[in-house]
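The structure under discussion appears below in the form of structure tokens.
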Amino acid sequence: MRTINIHQAKTHLSRLVDEAVNGDSFIIAKAGKPQVLVTRIIESAAAPEKRRLGFMKGMYTLPENYWEVDKEMDDEVLKMFFPEDEE
């Protein structure tokens with residue numbers, strides 16, 4: 001495994017990261033003493049899980065009177081924001 005001086009690592013960081021991603025690990029040394037091992041992260045841990053649309057389809061159902069209950073709730077909310085004038 002090759003060892004790279006910290007100054008060289010700072011100068012060529014982008015290229016070195018690309019090489020590490022491709023599997024070419026390396027050590028960064030300071031004053032000739034190894035400090036850090038740079039290697040790629042396991043691919044499965046780095047890739048975010050894809051979201052699937054509709055994966056819960058059919059697991060839940062709405063009650064038959066859903067629209068009636070919804071209308072009642074709408075009326076209650078409207079009354080909270082726009083109370084009837086009391087004169």
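Just wondering, is there one or more residues in segment 65-77 that are among the hydroxyl-bearing types (Ser, Thr, Tyr) and at pLDDT 85 or above? Walk me through it before giving the result.
Going residue by residue through segment 65-77, those that are among the hydroxyl-bearing types (Ser, Thr, Tyr) are 66.
Of the ones still in play, those that are also at pLDDT 85 or above are none.
No, segment 65-77 contains no residue that is among the hydroxyl-bearing types (Ser, Thr, Tyr) and at pLDDT 85 or above.
Looking at segment 13-42, which of its residues are polar (S, T, N, Q) and part of a strand (DSSP E or B)? Lay out the reasoning, then the answer.
Initially, segment 13-42 is screened for residues polar (S, T, N, Q), giving 14, 22, 25, 35, 39.
The one that is polar (S, T, N, Q) and part of a strand (DSSP E or B): Gln35.
The values are calculated or read from the model by the stated rules, or taken from the named source; none is laboratory data. Since this is a predicted model, take the numbers as computed values, not measurements.
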